[in-house]
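Q: Can you read through this structure? Questions will come right after.
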Amino acid sequence: MYLHLYRNDQDDKEHLAMVFGNAIASQSLAAYRPDDTPSSRLLRGAGHQQSHFFGGTMLLGNSNKGSVGENSAERENLGPGDTIPLVRVHSECFTGETAWSNRCDCGDQLTAAARLICQSTTPHGVIVYLRQEGRGIGLENKLRAYNLQDQGADTVEANQRLGFGADDRTYGVATSILCDLGLDGETGIRLLTNNPDKVAGIRGPQDQVKVREVLTMKPSACKGKTEGAESLAPVELLAYLQTKIQKFGHTIEL
Ligand SMILES: Nc1nc2c(ncn2[C@@H]2O[C@H](COP(=O)(O)OP(=O)(O)OP(=O)(O)O)[C@@H](O)[C@H]2O)c(=O)[nH]1
(Lines give C-alpha, C1' and ligand atoms only; values in the text may rest on other atoms or scores of the structure.)
Protein backbone atom coordinates (compact mmCIF):
# COMPACT_ATOMS: atom_id res chain seq x y z
CA MET A 1 0.00 0.00 0.00
CA TYR A 2 1.19 3.50 -0.65
CA LEU A 3 0.07 6.35 1.57
CA HIS A 4 -0.11 9.80 0.00
CA LEU A 5 -0.52 12.92 2.07
CA TYR A 6 -2.39 15.75 0.35
CA ARG A 7 -2.32 19.38 1.39
CA ASN A 8 -4.71 21.70 -0.39
CA ASP A 9 -5.80 25.31 -0.69
CA GLN A 10 -9.44 24.78 0.32
CA ASP A 11 -9.04 23.86 3.97
CA ASP A 12 -6.16 23.54 6.43
CA LYS A 13 -6.45 19.77 6.68
CA GLU A 14 -4.12 17.03 5.45
CA HIS A 15 -6.18 14.45 3.58
CA LEU A 16 -4.91 10.98 2.80
CA ALA A 17 -5.03 8.57 -0.09
CA MET A 18 -4.36 4.93 0.75
CA VAL A 19 -3.49 3.36 -2.57
CA PHE A 20 -3.74 -0.40 -3.05
CA GLY A 21 -1.87 -1.98 -5.95
CA ASN A 22 0.77 -0.61 -8.29
CA ALA A 23 -1.46 0.66 -11.06
CA ILE A 24 -2.62 3.84 -9.30
CA ALA A 25 -0.18 6.64 -8.48
CA SER A 26 -0.37 10.32 -7.70
CA GLN A 27 0.65 12.45 -10.64
CA SER A 28 1.61 15.45 -8.52
CA LEU A 29 3.14 13.83 -5.45
CA ALA A 30 5.09 11.00 -7.04
CA ALA A 31 6.52 13.16 -9.81
CA TYR A 32 10.23 13.82 -9.65
CA ARG A 33 11.19 17.33 -8.57
CA PRO A 34 14.67 18.68 -9.28
CA ASP A 35 15.19 19.70 -5.63
CA ASP A 36 14.02 16.35 -4.26
CA THR A 37 15.77 14.85 -1.27
CA PRO A 38 14.83 11.54 0.37
CA SER A 39 13.18 13.41 3.23
CA SER A 40 11.19 15.79 1.01
CA ARG A 41 9.81 12.80 -0.86
CA LEU A 42 9.03 11.19 2.47
CA LEU A 43 6.80 14.11 3.40
CA ARG A 44 4.71 13.52 0.29
CA GLY A 45 4.01 9.89 1.08
CA ALA A 46 5.34 6.50 2.07
CA GLY A 47 4.84 2.87 1.23
CA HIS A 48 4.19 0.11 3.73
CA GLN A 49 3.24 -3.51 3.82
CA GLN A 50 -0.47 -3.61 4.47
CA SER A 51 -1.75 -5.50 7.45
CA HIS A 52 -3.03 -9.00 6.93
CA PHE A 53 -5.86 -8.14 9.27
CA PHE A 54 -8.72 -7.18 7.02
CA GLY A 55 -11.22 -9.04 9.13
CA GLY A 56 -14.22 -6.72 8.65
CA THR A 57 -17.44 -8.44 7.83
CA MET A 58 -19.31 -5.67 6.02
CA LEU A 59 -21.52 -6.98 3.27
CA LEU A 60 -21.98 -5.43 -0.09
CA GLY A 61 -25.61 -4.50 -0.45
CA ASN A 62 -27.32 -3.45 -3.64
CA SER A 63 -25.13 -2.67 -6.58
CA ASN A 64 -26.42 0.31 -8.53
CA LYS A 65 -24.72 0.89 -11.85
CA GLY A 66 -24.07 4.60 -11.40
CA SER A 67 -24.44 5.76 -14.95
CA VAL A 68 -27.17 3.46 -16.19
CA GLY A 69 -29.28 2.96 -13.09
CA GLU A 70 -29.40 -0.85 -13.11
CA ASN A 71 -29.54 -2.97 -9.97
CA SER A 72 -27.78 -6.23 -9.65
CA ALA A 73 -28.15 -8.91 -6.99
CA GLU A 74 -26.54 -8.65 -3.59
CA ARG A 75 -23.12 -10.24 -3.49
CA GLU A 76 -20.46 -10.64 -0.87
CA ASN A 77 -17.44 -10.90 -3.13
CA LEU A 78 -16.24 -8.89 -6.05
CA GLY A 79 -15.49 -11.10 -8.98
CA PRO A 80 -12.05 -11.34 -10.59
CA GLY A 81 -13.43 -9.59 -13.68
CA ASP A 82 -13.99 -6.38 -11.73
CA THR A 83 -11.10 -4.40 -13.15
CA ILE A 84 -12.54 -0.95 -12.54
CA PRO A 85 -10.80 0.53 -9.48
CA LEU A 86 -12.73 0.20 -6.25
CA VAL A 87 -12.86 3.47 -4.33
CA ARG A 88 -13.99 4.44 -0.86
CA VAL A 89 -14.13 8.13 0.06
CA HIS A 90 -14.26 8.01 3.83
CA SER A 91 -14.78 10.79 6.38
CA GLU A 92 -12.80 10.85 9.60
CA CYS A 93 -14.56 9.45 12.65
CA PHE A 94 -12.43 9.27 15.78
CA THR A 95 -15.28 7.89 17.87
CA GLY A 96 -16.18 5.08 15.48
CA GLU A 97 -12.73 4.17 14.15
CA THR A 98 -10.54 4.61 17.21
CA ALA A 99 -12.90 4.53 20.19
CA TRP A 100 -15.15 1.68 18.94
CA SER A 101 -18.39 3.67 19.31
CA ASN A 102 -21.64 1.81 18.71
CA ARG A 103 -23.27 4.98 17.52
CA CYS A 104 -22.10 4.64 13.92
CA ASP A 105 -20.70 2.16 11.37
CA CYS A 106 -17.62 4.20 10.39
CA GLY A 107 -14.94 1.83 11.75
CA ASP A 108 -16.69 -1.15 10.21
CA GLN A 109 -16.87 0.61 6.82
CA LEU A 110 -13.21 1.61 6.81
CA THR A 111 -11.99 -1.92 7.53
CA ALA A 112 -14.47 -3.44 5.10
CA ALA A 113 -13.36 -1.12 2.30
CA ALA A 114 -9.74 -2.23 2.71
CA ARG A 115 -10.78 -5.86 2.82
CA LEU A 116 -12.95 -5.54 -0.28
CA ILE A 117 -10.20 -3.86 -2.27
CA CYS A 118 -7.76 -6.58 -1.22
CA GLN A 119 -10.15 -9.37 -2.16
CA SER A 120 -9.22 -9.15 -5.83
CA THR A 121 -6.31 -11.23 -7.02
CA THR A 122 -4.60 -7.96 -7.88
CA PRO A 123 -5.75 -5.24 -5.46
CA HIS A 124 -6.71 -2.16 -7.44
CA GLY A 125 -8.27 0.66 -5.52
CA VAL A 126 -7.96 3.54 -3.13
CA ILE A 127 -9.38 4.78 0.14
CA VAL A 128 -9.44 8.57 0.20
CA TYR A 129 -9.51 9.48 3.88
CA LEU A 130 -10.95 12.96 4.32
CA ARG A 131 -10.36 14.86 7.55
CA GLN A 132 -14.04 15.74 7.94
CA GLU A 133 -14.66 14.64 11.52
CA GLY A 134 -18.31 14.77 12.55
CA ARG A 135 -19.61 15.44 9.03
CA GLY A 136 -17.44 18.54 9.02
CA ILE A 137 -18.21 20.00 12.48
CA GLY A 138 -15.08 18.69 14.22
CA LEU A 139 -14.63 16.38 17.20
CA GLU A 140 -15.48 18.84 19.96
CA ASN A 141 -18.83 19.74 18.41
CA LYS A 142 -19.50 16.12 17.60
CA LEU A 143 -19.14 15.27 21.28
CA ARG A 144 -21.59 18.07 22.06
CA ALA A 145 -23.91 16.51 19.47
CA TYR A 146 -23.55 13.12 21.20
CA ASN A 147 -24.78 14.70 24.43
CA LEU A 148 -27.79 16.19 22.64
CA GLN A 149 -28.49 12.74 21.16
CA ASP A 150 -28.52 11.38 24.71
CA GLN A 151 -31.29 13.89 25.37
CA GLY A 152 -33.38 12.58 22.47
CA ALA A 153 -32.17 14.43 19.35
CA ASP A 154 -31.29 12.42 16.27
CA THR A 155 -27.91 13.07 14.61
CA VAL A 156 -29.33 15.70 12.25
CA GLU A 157 -31.33 17.55 14.93
CA ALA A 158 -28.28 17.56 17.21
CA ASN A 159 -26.14 19.24 14.52
CA GLN A 160 -28.86 21.79 13.84
CA ARG A 161 -29.36 22.63 17.52
CA LEU A 162 -25.67 23.46 17.63
CA GLY A 163 -26.11 25.85 14.71
CA PHE A 164 -24.59 23.61 12.01
CA GLY A 165 -26.04 22.12 8.88
CA ALA A 166 -27.14 18.50 8.84
CA ASP A 167 -24.02 17.72 6.84
CA ASP A 168 -21.30 20.33 6.33
CA ARG A 169 -19.09 18.25 4.03
CA THR A 170 -18.14 18.94 0.43
CA TYR A 171 -16.24 16.58 -1.87
CA GLY A 172 -14.25 18.88 -4.17
CA VAL A 173 -10.98 17.87 -2.52
CA ALA A 174 -11.84 14.17 -2.97
CA THR A 175 -12.59 14.74 -6.66
CA SER A 176 -9.26 16.53 -7.07
CA ILE A 177 -7.39 13.73 -5.30
CA LEU A 178 -9.04 11.09 -7.51
CA CYS A 179 -8.14 13.11 -10.62
CA ASP A 180 -4.55 13.43 -9.37
CA LEU A 181 -4.49 9.66 -8.94
CA GLY A 182 -5.41 9.31 -12.61
CA LEU A 183 -8.94 8.06 -11.92
CA ASP A 184 -10.65 10.68 -14.08
CA GLY A 185 -10.54 8.64 -17.28
CA GLU A 186 -13.29 6.80 -19.15
CA THR A 187 -12.69 3.62 -17.12
CA GLY A 188 -14.15 5.41 -14.13
CA ILE A 189 -14.47 4.00 -10.64
CA ARG A 190 -16.69 1.77 -8.55
CA LEU A 191 -17.66 3.66 -5.41
CA LEU A 192 -18.37 2.09 -2.02
CA THR A 193 -21.04 4.22 -0.36
CA ASN A 194 -24.69 4.41 0.70
CA ASN A 195 -24.74 8.19 0.41
CA PRO A 196 -26.25 9.68 -2.79
CA ASP A 197 -24.91 13.19 -2.01
CA LYS A 198 -21.42 11.73 -1.83
CA VAL A 199 -21.83 10.11 -5.26
CA ALA A 200 -22.95 13.42 -6.80
CA GLY A 201 -20.21 15.37 -5.01
CA ILE A 202 -17.42 13.05 -6.08
CA ARG A 203 -18.48 13.06 -9.73
CA GLY A 204 -17.75 16.78 -9.70
CA PRO A 205 -19.52 19.59 -11.57
CA GLN A 206 -18.11 18.49 -14.94
CA ASP A 207 -18.51 14.78 -14.24
CA GLN A 208 -14.71 14.58 -13.99
CA VAL A 209 -14.84 11.27 -12.14
CA LYS A 210 -17.06 8.70 -13.84
CA VAL A 211 -18.84 6.65 -11.16
CA ARG A 212 -19.64 3.47 -13.09
CA GLU A 213 -21.09 1.55 -10.19
CA VAL A 214 -22.24 2.35 -6.66
CA LEU A 215 -21.79 -0.47 -4.16
CA THR A 216 -23.68 -0.03 -0.92
CA MET A 217 -22.27 -1.27 2.37
CA LYS A 218 -24.25 -3.01 5.06
CA PRO A 219 -22.82 -3.03 8.60
CA SER A 220 -21.81 -6.42 9.92
CA ALA A 221 -24.10 -5.88 12.92
CA CYS A 222 -27.09 -5.87 10.53
CA LYS A 223 -26.06 -9.10 8.86
CA GLY A 224 -28.24 -12.18 8.87
CA LYS A 225 -31.50 -10.60 10.02
CA THR A 226 -34.45 -12.68 8.89
CA GLU A 227 -37.56 -10.92 7.65
CA GLY A 228 -39.87 -9.82 10.47
CA ALA A 229 -37.28 -10.57 13.16
CA GLU A 230 -35.74 -7.89 15.34
CA SER A 231 -32.29 -6.72 14.38
CA LEU A 232 -29.43 -7.72 16.64
CA ALA A 233 -27.63 -4.47 15.86
CA PRO A 234 -27.16 -1.99 18.72
CA VAL A 235 -30.09 0.41 19.16
CA GLU A 236 -27.85 3.47 18.76
CA LEU A 237 -26.45 2.16 15.48
CA LEU A 238 -29.92 1.40 14.11
CA ALA A 239 -31.12 4.89 15.06
CA TYR A 240 -28.08 6.45 13.32
CA LEU A 241 -28.65 4.42 10.15
CA GLN A 242 -32.40 5.06 10.12
CA THR A 243 -31.79 8.82 10.36
CA LYS A 244 -29.42 8.57 7.38
CA ILE A 245 -32.03 6.66 5.38
CA GLN A 246 -34.87 9.05 6.26
CA LYS A 247 -33.06 12.39 6.17
CA PHE A 248 -30.18 11.85 3.71
CA GLY A 249 -31.79 9.26 1.43
CA HIS A 250 -29.15 6.59 2.12
CA THR A 251 -29.67 3.55 -0.05
CA ILE A 252 -29.36 0.81 2.50
CA GLU A 253 -31.92 -1.72 3.68
CA LEU A 254 -31.70 -2.67 7.33
N1 LIG B 1 -22.22 15.23 13.53
C2 LIG B 1 -22.12 13.92 13.65
N3 LIG B 1 -21.28 13.25 12.83
C4 LIG B 1 -21.20 11.92 12.97
C5 LIG B 1 -21.92 11.19 13.94
N6 LIG B 1 -21.60 9.87 13.80
C7 LIG B 1 -20.69 9.80 12.81
N8 LIG B 1 -20.45 11.02 12.30
C9 LIG B 1 -19.60 11.43 11.20
O10 LIG B 1 -20.26 11.08 10.02
C11 LIG B 1 -19.29 10.90 8.99
C12 LIG B 1 -19.58 9.57 8.30
O13 LIG B 1 -18.84 9.56 7.19
P14 LIG B 1 -18.84 8.47 6.05
O15 LIG B 1 -18.91 7.12 6.66
O16 LIG B 1 -17.73 8.79 5.11
O17 LIG B 1 -20.06 8.82 5.18
P18 LIG B 1 -21.57 8.67 5.08
O19 LIG B 1 -22.13 9.98 4.73
O20 LIG B 1 -22.15 7.97 6.27
O21 LIG B 1 -21.75 7.74 3.81
P22 LIG B 1 -21.21 6.28 3.50
O23 LIG B 1 -20.25 6.50 2.38
O24 LIG B 1 -22.38 5.51 3.11
O25 LIG B 1 -20.55 5.79 4.74
C26 LIG B 1 -17.92 10.98 9.66
O27 LIG B 1 -17.37 12.27 9.45
C28 LIG B 1 -18.24 10.78 11.12
O29 LIG B 1 -17.32 11.42 11.99
C30 LIG B 1 -22.81 11.92 14.78
O31 LIG B 1 -23.49 11.38 15.63
N32 LIG B 1 -22.87 13.27 14.60
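Q: Among the residues of region 112-129, is there at least one that is closer than 17 Å to residue 247 by Cβ and of a type outside the set (Gly, Ala, Ser)?
A: The answer is no; no qualifying residue exists.
Q: Is at least one residue of region 78-85 within 15 Å of the ligand (Cβ to nearest atom) and surrounded by 20 or more Cβ atoms within 10 Å (Cβ to Cβ)?
A: Filtering region 78-85 down to residues within 15 Å of the ligand (Cβ to nearest atom) leaves none.
The answer is no; no qualifying residue exists.
Q: Follow-up question, since we're still on this one. Pick from region 96-111 the residues that are near the ligand (Cβ under 10 Å from one of its atoms) and assigned to a helix (DSSP H, G or I): which of them is surrounded by the most Cβ atoms within 10 Å (Cβ to Cβ)? Give the derivation first.
A: Going through region 96-111, the residues near the ligand (Cβ under 10 Å from one of its atoms) turn out to be 96-97, 101, 103-110.
Checking which are assigned to a helix (DSSP H, G or I) leaves us with 96-97, 106-110.
Values: 96: 20, 97: 18, 106: 20, 107: 18, 108: 21, 109: 26, 110: 22.
By that ranking, first place goes to 109.
Q: Considering only region 136-153, state which residues are within 7 Å of the ligand (Cβ to nearest atom) and either among the β-branched types (Val, Ile, Thr) or in a loop (DSSP other than H, G, I, E, B) (or both).
A: Answer for region 136-153, where residues must be within 7 Å of the ligand (Cβ to nearest atom) and either among the β-branched types (Val, Ile, Thr) or in a loop (DSSP other than H, G, I, E, B) (or both): just 137.
Q: Going by the conditions given, is residue 184 in contact (Cβ under 8 Å) with a residue 60 or more places away in the chain, over 23 Å from residue 112 (Cα atoms) and not small (Gly, Ala, Ser)? Spell out how you get there, then give the answer.
A: On the way: in contact (Cβ under 8 Å) with a residue 60 or more places away in the chain: no; over 23 Å from residue 112 (Cα atoms): yes; not small (Gly, Ala, Ser): yes.
It is false that residue 184 is in contact (Cβ under 8 Å) with a residue 60 or more places away in the chain, over 23 Å from residue 112 (Cα atoms) and not small (Gly, Ala, Ser).
Q: Moving to a separate point now. Any idea how many residues of region 122-173 are buried (at least 18 other Cβ atoms within 10 Å of the Cβ) and in contact with a His (Cβ under 8 Å, 6 or more places away or on another chain)?
A: 5
Q: Follow-up question, since we're still on this one. Restricted to region 222-236, and to residues that are more than 10 Å from the ligand (Cβ to nearest atom) and either modelled with pLDDT of 80 or more or of a type in the set (S, T, N, Q) (or both), which residue is surrounded by the fewest Cβ atoms within 10 Å (Cβ to Cβ)?
A: 226
Q: Right, next: Going through region 214-254 one residue at a time, which ones are in contact with a Gly (Cβ under 9 Å, 6 or more places away or on another chain) and either small (Gly, Ala, Ser) or in contact (Cβ under 8 Å) with a residue 12 or more places away in the chain (or both)?
A: Residues satisfying the conditions are 214, 215, 216, 217, 218, 220, 251, 252, 253.
Q: Can you name the residue in region 199-254 that is part of a strand (DSSP E or B) and basic (Lys, Arg) and is also farthest from residue 85 (Cα to Cα) among such residues?
A: The initial filter retains those residues of region 199-254 that are part of a strand (DSSP E or B), namely 211-218.
Pick out the ones that are also basic (Lys, Arg) and you get 212, 218.
Numbers: 212: 10, 218: 20 Å.
The selected residue is 218.
Q: Go through the residues of region 121-132 one by one and say whether even a single one is at pLDDT 95 or above, within 11 Å of the ligand (Cβ to nearest atom), out of contact with any Leu (no Cβ under 9 Å at 6 or more places or on another chain) and within 24 Å of residue 166 (Cβ to Cβ).
A: yes
Q: State whether the residues of region 1-20 include one that is in a loop (DSSP other than H, G, I, E, B) and modelled with pLDDT under 85.
A: So in region 1-20, the residues in a loop (DSSP other than H, G, I, E, B) come out as 1, 7-14.
Now narrow it down to the ones that are modelled with pLDDT under 85: 1.
Yes.
Q: Can you work out which of the residues in region 174-198 that are in a helix (DSSP H, G or I) and of a type in the set (Asp, Glu) is surrounded by the most Cβ atoms within 10 Å (Cβ to Cβ)? Before the answer, list the steps.
A: Taking region 174-198 and keeping what is in a helix (DSSP H, G or I), we get 174-180, 196-198.
Filter once more, so that each one left must be of a type in the set (Asp, Glu): 180, 197.
Values: 180: 18, 197: 15.
Residue satisfying both the conditions and the ranking: 180.
Q: Going by the conditions given, is residue 219 crowded, with 16+ Cβ neighbours inside 10 Å and either touching a Lys or Arg at 6+ places or on another chain (Cβ under 6 Å) or under 22 Å from residue 98 (Cβ atoms) (or both)?
A: Details: crowded, with 16+ Cβ neighbours inside 10 Å: yes; either touching a Lys or Arg at 6+ places or on another chain (Cβ under 6 Å) or under 22 Å from residue 98 (Cβ atoms) (or both): yes.
Considered against the rule, which asks whether it is crowded, with 16+ Cβ neighbours inside 10 Å and either touching a Lys or Arg at 6+ places or on another chain (Cβ under 6 Å) or under 22 Å from residue 98 (Cβ atoms) (or both), residue 219 comes out as yes.
The values are calculated or read from the model by the stated rules, or taken from the named source; none is laboratory data. What you see is a predicted model; the values in this text were computed from it and never measured. Glycine also receives a Cβ, built like all others from the backbone with ideal geometry; neighbour counts cover every protein chain displayed.
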